[in-house]
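To start, the structure itself, in structure tokens.
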Amino acid sequence: MKRWLLVSVLSIGFVLGALSADLERITFRLNWIPAGEGDHAPFFVAKDLGFYEEVGLDVTIERGSGSADAVKLVEVGRADIGIADFVTTAVSRAKGAAIKIVAQYQVNSPFTIWSRRDLGITSLQDLAGHTLGSPPGDAQRIAFPAIAKVAGLDPESITWVNIHPGAKVQSLASGTVDATVHFIDQLYLYRQAIGENNLVYFRWADYGVNPYGLAIIVSEETLANRPDVVRRFLDATFRGVRWTIQHPKEAIEIMQKYVPEVKIEPVLAMLEVSIKYLMYADSVVLHGLGWIDGERMQASVELVNTYFDLPRTLAADELYVTDFLPHYTWPYPSEMPNPETWPLPYEFDF
């Protein structure tokens, strides 16, 4: 009996090994370290729940060190697929990077200006005469005149202070700067540092300045030579995205299995903000997760062309392709675990 059991176990192991060998190995490069990024959860969900395996892929998820790095590694083939913010992707394309966006993971801009009520700042106009902290090359700093124009704020009336990318929250909390620029999914950290009643923030999207957020990118070479890999990856990924929207806490718990330094409460809060403010839009409801809207893309590219120092004018249609998108709908309210309390605006007719 024991010998039979041993042979059976070895046989099962051989079969599983053979199945694993049949999977096509690819590398997916993140834009940042997942320990502090709740919006990375769907990729770990797709891996853990076997969605990638079911489409024949063995996906290695690599920690990132910035969107620019992700774009570069995808372009030169050191990563098969990546995720990067739209602005970095667009600027890189204009500078010659042979990459394309194949899905828009975040359909709304994460750009946000953060400040404190105890400084007398309750509107964007109140920033006049104050200091605004950011790294020198921060995309929000470069494009700041766009939001200033809409808000009726003279961009020359504020003073920029150079700070480290990882010191934005601390700089605002300590009073080193009067305001800073950061992504909206960092809301939990700012509330903890500044206090919910003292914190004030301004989302660019609320003012109609709404370039796209994180995008899934591939090289033109991969699109030409391995289109089926891209199609299968997106299918499994957006299946994971949909599952994550329905089960955010469980998604972060899955993520923690792969990234032990993940702390459930803050990273879950980041994910919920990302779902509510960055991933949800009427266009997604109408067309499906990952959808790229032509008019939105044109407006996003025009912002980059206007405010960034580019060697040439970028055309919107050269930056993206929708041929590989699967069709996964945004979850219906009845599919959510607590539709009455879930903080998403279902303001449309199903």
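The values are calculated or read from the model by the stated rules, or taken from the named source; none is laboratory data. These numbers were taken from a predicted model, which means no experiment stands behind them. Here Cβ is always computed from backbone atoms with ideal geometry, including for glycine, and neighbour counts include all displayed protein chains.
Details
- Condition check for Ile264: modelled with pLDDT of 95 or more, surrounded by fewer than 24 Cβ atoms within 10 Å (Cβ to Cβ) and not assigned by TED's automatic domain parsing to the domain that holds Ala139: yes
- Considering the stretch 269-288, the residues that are part of a loop (DSSP other than H, G, I, E, B) and under 9 Å from Trp330 (Cα atoms) include one that is farthest from the chain's Cα centre (by Cα), namely Gly288.
Conditions tested, residue by residue: (1) of a type outside the set (Val, Ile, Thr); (2) under 18 Å from Val218 (Cα atoms); (3) in contact with a Leu (Cβ under 6 Å, 6 or more places away or on another chain); (4) without any contact (Cβ under 8 Å) to a residue 12 or more places away in the chain.
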{"residue": "Ala46", "(1), (2), (3), (4)": "yes, no, no, no"}
{"residue": "Asp58", "(1), (2), (3), (4)": "yes, yes, yes, no"}
{"residue": "Gly77", "(1), (2), (3), (4)": "yes, yes, no, no"}
{"residue": "Ile81", "(1), (2), (3), (4)": "no, yes, no, no"}
{"residue": "Thr88", "(1), (2), (3), (4)": "no, yes, no, no"}
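- Residue in the stretch 202-232 that is surrounded by the fewest Cβ atoms within 10 Å (Cβ to Cβ), counting only those that are over 22 Å from Ser92 (Cβ atoms) and in contact with a helix residue (DSSP H, G or I) (Cβ under 7 Å, 6 or more places away or on another chain): Gly208
- Annotation: of all residues in the stretch 124-148 being free of Cβ contacts under 8 Å to residues at least 60 places away in the same chain and assigned to a loop (DSSP other than H, G, I, E, B), the one that is farthest from the chain's Cα centre (by Cα) is Gly129.
- Some residue of the stretch 297-316 being touching a Pro at 6+ places or on another chain (Cβ under 8 Å), polar (S, T, N, Q) and in a helix (DSSP H, G or I): yes
- Close pairs from the stretch 280-300: first within 25 Å of Gln246 (Cβ to Cβ), partner in a helix (DSSP H, G or I), Cβ under 6 Å, at least 6 apart: Leu289/Phe238; Leu289/Val241; Gly290/Phe238; Trp291/Ser283; Trp291/Val284; Asp293/Ser283
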